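Notes to accompany the following structure.
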Amino acid sequence: MSVRNTLKAKWLWYSVFCLACWAPFTFCAKLGLREMSASGMQFLFTLGGVPIALAVLAARRFKFERNRKGTAYGLAVGVLSAIGTLALFAAYRTGGNTAVITTATSLYPMVTVVLAVGFLRERLTLIQIVGLVFASVAFVLFSL
């Protein structure tokens, strides 16, 4: 994919918006966890998502998904996300280096890549494999 096509791709701009939300999320979480427990932060994190969920539901005219398999995956995503976020909050609460914790937890795409290759039969290009190697090395160097 060319640079021009990438800059036109919707996924890129959704990703940039995600980044713009997650960077302050991490910063606010670390600051808040100086004042409260990980479980308290998890509760408020979940409560904070309720207005977004209601807005999405309203935008869909209050129509729920009817696909059982998709719904099961969606609920699994919610449960795994909540457990993972609770673990992230607990890690921040330990007083560890926020930059290292965030970098470590941000390597989850590497596990996703392994799962995608193993279960979804997706293929990686040589440059993508090199990128994964560099990401692994960068994490090791960053955590020292």
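Read the figures in this text as sums done on the coordinates, not as results from a lab. It should be emphasised that the depicted structure is a prediction, and the values quoted were computed from it without experimental measurement. In this analysis, Cβ positions are derived from the backbone assuming ideal geometry, glycine residues included, and neighbour counts consider all displayed protein chains.
Couple of notes before you dig in:
- Test: THR6 is polar (S, T, N, Q), exposed (fewer than 11 other Cβ atoms within 10 Å of the Cβ) and within 25 Å of TYR108 (Cβ to Cβ): yes
Yes/no matrix, rows are residues, columns are (1) exposed (fewer than 11 other Cβ atoms within 10 Å of the Cβ); (2) aromatic (Phe, Trp, Tyr); (3) within 20 Å of THR26 (Cβ to Cβ); (4) in contact with a helix residue (DSSP H, G or I) (Cβ under 7 Å, 6 or more places away or on another chain):
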residue	(1), (2), (3), (4)
ARG60	yes, no, no, no
ASN67	yes, no, no, no
ALA76	yes, no, no, no
SER81	no, no, yes, no
THR85	no, no, yes, yes
PHE89	no, yes, yes, yes
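- Residues that are within 18 Å of the chain's Cα centre (by Cα), farther than 29 Å from THR125 by Cβ and among the small types (Gly, Ala, Ser) within segment 1-51 comprise ALA29, ALA38, GLY48, GLY49, listed in sequence order.
- Within segment 30-43, being surrounded by 11 or more Cβ atoms within 10 Å (Cβ to Cβ) and farther than 11 Å from LEU86 by Cα holds for LYS30, LEU31, GLY32, LEU33, MET36.
- Beta carbons closer than 8 Å, at least 6 apart along the sequence or on distinct chains, pair a first residue in segment 1-26 that is closer than 23 Å to ILE101 by Cβ with a second that is surrounded by 10 or more Cβ atoms within 10 Å (Cβ to Cβ) for THR26/THR98; THR26/THR102.
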